[in-house]
């Protein structure tokens with residue numbers, strides 16, 4: 001007996017329904033996967049865009065940041081050199097409140113950024129667009145790489161900016177402290193000169209110039225130049241004092257020199273001593289010779305025979321020193337020497353000047369030696385006193 005055909009038809013319809021359902025599930029799964037991949041692809045593109053924007057911003061700011069850092073670093077380096085020079089040579093002139101700023105120069109290297117950070121910032125460039133926007137694996141790798149690069153670049157920029165600010169602030173504090181010292185240098189130079197008054201005049205003049213140069217531009221080079229000048233003055237003082245001590249006449253020579261300075265005013269004078277000067281100096285004779293310069297405010301060198309110190313303070317020898325000091329005074333009054341009544345006669349001016357200062361002993365003041373015992377007229381004496 002043949003089975004009814006209806007049962008077979010039903011089984012076929014069930015298999016068809018199952019197959020359709022399976023296909024639908026596959027299609028849905030594939031679609032879901034595609035959507036997920038698209039979401040991830042777009043996410044990767046957004047990450048790339050955001051990181052690229054960061055890199056672009058850093059690249060735009062890079063040159064200014066690097067230029068600022070270079071300037072701040074150079075200024076800090078110069079400030080450190082100056083602070084080191086001040087602390088090494090002029091520490092006694094530093095006010096207590098300024099010491100911390102100068103001592104902070106030792107810590108400035110800690111404020112500088114590592115070279116690798118600068119290299120990272122220098123290398124920051126706008127990101128290249130991905131080669132393919134459909135290859136998700138490549139997009140993800142590109143996003144990771146660009147984000148890492150952007151993070152390093154941004155961190156480097158922040159570090160460089162912070163370092164620049166710290167260096168600038170430190171250099172400013174150091175420079176202010178240095179200025180407080182350099183402002184005192186002219187006064188300090190006066191003190192050094194007064195303490196080393198026997199040093200040669202050119203050395204003392206160089207000291208004053210160096211002090212004013214450092215006051216105007218308080219850099220390390222200027223500070224060191226001042227220190228060298230001060231050392232040169234002290235060395236000159238030692239050498240001159242050793243020369244003056246010859247023959248056991250140190251105290252007398254110093255009295256003679258102080259006497260000359262007391263009557264000449266602000267003309268710088270240095271002194272040389274010898275047994276014979278200008279052919280004189282034996283026995284009770286005395287020799288003197290003066291050279292003067294009009295430059296640098298005027299200065300002079302007076303040469304005296306040892307006999308002047310040996311017979312000091314004999315009025316005759318005081319008159320001779322006054323005469324030589326009159327020559328020295330000429331360094332500040334060239335116009336007086338060249339005008340009437342002197343017309344360049346240096347001996348007439350020196351003789352009249354000594355008389356005008358009250359040293360009228362004709363033996364030493366030049367009256368006997370140059371003018372046969374006949375003193376210059378009173379009008380000439382008064383004209384000579386225009387030299388001060």
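The values are calculated or read from the model by the stated rules, or taken from the named source; none is laboratory data. From a predicted model like this one, the values you see are computed outputs, not experimental measurements. A quick note on method: Cβ atoms are made from the backbone with ideal geometry, for glycine too, and the neighbour counts reach across all protein chains shown.
In the set (1) outside any helix (DSSP H, G or I); (2) surrounded by 15 or more Cβ atoms within 10 Å (Cβ to Cβ), residue 266 fails one condition alone, (2).
Can you find a residue in the range 199-208 that is out of contact with any helix residue (DSSP H, G or I) (no Cβ under 6 Å at 6 or more places or on another chain) and outside the structural domain of residue 89 (by TED's automatic domain parsing)? Give the derivation first.
Residues of the range 199-208 that are out of contact with any helix residue (DSSP H, G or I) (no Cβ under 6 Å at 6 or more places or on another chain), as a first pass: 201-202.
The next check asks that each one be outside the structural domain of residue 89 (by TED's automatic domain parsing); those that pass are 201-202.
For the range 199-208, residues out of contact with any helix residue (DSSP H, G or I) (no Cβ under 6 Å at 6 or more places or on another chain) and outside the structural domain of residue 89 (by TED's automatic domain parsing): present.
A search for C-beta distances below 8 Å between a residue of the range 287-311 that is free of Cβ contacts under 8 Å to residues at least 24 places away in the same chain and any residue that is crowded, with 21+ Cβ neighbours inside 10 Å and outside any helix (DSSP H, G or I), counting only pairs 6+ apart in sequence or on different chains, returns 287/277; 287/281; 287/304; 287/305; 291/300. Taking the listed residues 45, 66, 55, 61, the one that is touching a helix residue (DSSP H, G or I) at 6+ places or on another chain (Cβ under 8 Å), in a helix (DSSP H, G or I), at pLDDT 80 or above and in the same structural domain as residue 109 (by TED's automatic domain parsing) is 66, with no other qualifying.
Per-residue answers, yes or no, for (1) without any contact (Cβ under 8 Å) to a residue 24 or more places away in the chain; (2) under 20 Å from residue 286 (Cα atoms); (3) touching a helix residue (DSSP H, G or I) at 6+ places or on another chain (Cβ under 6 Å):
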site	(1), (2), (3)
327	no, yes, yes
338	yes, no, no
345	yes, no, no
363	no, yes, yes
371	yes, yes, no
376	no, no, yes
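Within the range 348-388, the residues that satisfy the criterion of being within 47 Å of the chain's Cα centre (by Cα) and closer than 18 Å to residue 321 by Cα are 349, 350, 353, 354, 357, 384, 385, 387, 388. Select from the range 225-263 the residues that are within 30 Å of the chain's Cα centre (by Cα) and buried (at least 20 other Cβ atoms within 10 Å of the Cβ) and list them in ascending order. Listed by number, the residues that qualify are 226, 229, 230, 233, 236, 237.
Considering the range 287-309, and only residues there that are within 45 Å of the chain's Cα centre (by Cα) and in a helix (DSSP H, G or I), the residue that is surrounded by the fewest Cβ atoms within 10 Å (Cβ to Cβ) turns out to be 295. Only one of these is modelled with pLDDT under 85 and loosely packed, with under 14 Cβ neighbours inside 10 Å: 149, 141. Name it. It is 141.
Residue by residue, here is whether (1) assigned by TED's automatic domain parsing to the domain that holds residue 274; (2) more than 23 Å from residue 269 (Cα to Cα); (3) surrounded by 23 or more Cβ atoms within 10 Å (Cβ to Cβ) holds:
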{"site": "324", "(1), (2), (3)": "yes, no, yes"}
{"site": "330", "(1), (2), (3)": "yes, no, yes"}
{"site": "341", "(1), (2), (3)": "yes, yes, no"}
{"site": "361", "(1), (2), (3)": "yes, yes, no"}
{"site": "373", "(1), (2), (3)": "yes, yes, no"}
{"site": "377", "(1), (2), (3)": "yes, yes, no"}
{"site": "383", "(1), (2), (3)": "yes, no, no"}
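With respect to the conditions (1) more than 11 Å from residue 304 (Cβ to Cβ); (2) touching a helix residue (DSSP H, G or I) at 6+ places or on another chain (Cβ under 9 Å); (3) in a helix (DSSP H, G or I), residue 284 lacks only one, and its number is (3).
Within the range 204-224, being free of Cβ contacts under 8 Å to residues at least 60 places away in the same chain and crowded, with 19+ Cβ neighbours inside 10 Å holds for 206, 207, 208, 210, 211, 213, 214, 215, 222.
All conditions in (1) in contact with a strand residue (DSSP E or B) (Cβ under 9 Å, 6 or more places away or on another chain); (2) at pLDDT 95 or above hold for residue 296, with the sole exception of (2). Residues in the range 329-350: is at least one part of a helix (DSSP H, G or I), touching a strand residue (DSSP E or B) at 6+ places or on another chain (Cβ under 6 Å) and closer than 17 Å to residue 258 by Cβ? Checked the range 329-350: no residue is part of a helix (DSSP H, G or I), touching a strand residue (DSSP E or B) at 6+ places or on another chain (Cβ under 6 Å) and closer than 17 Å to residue 258 by Cβ.
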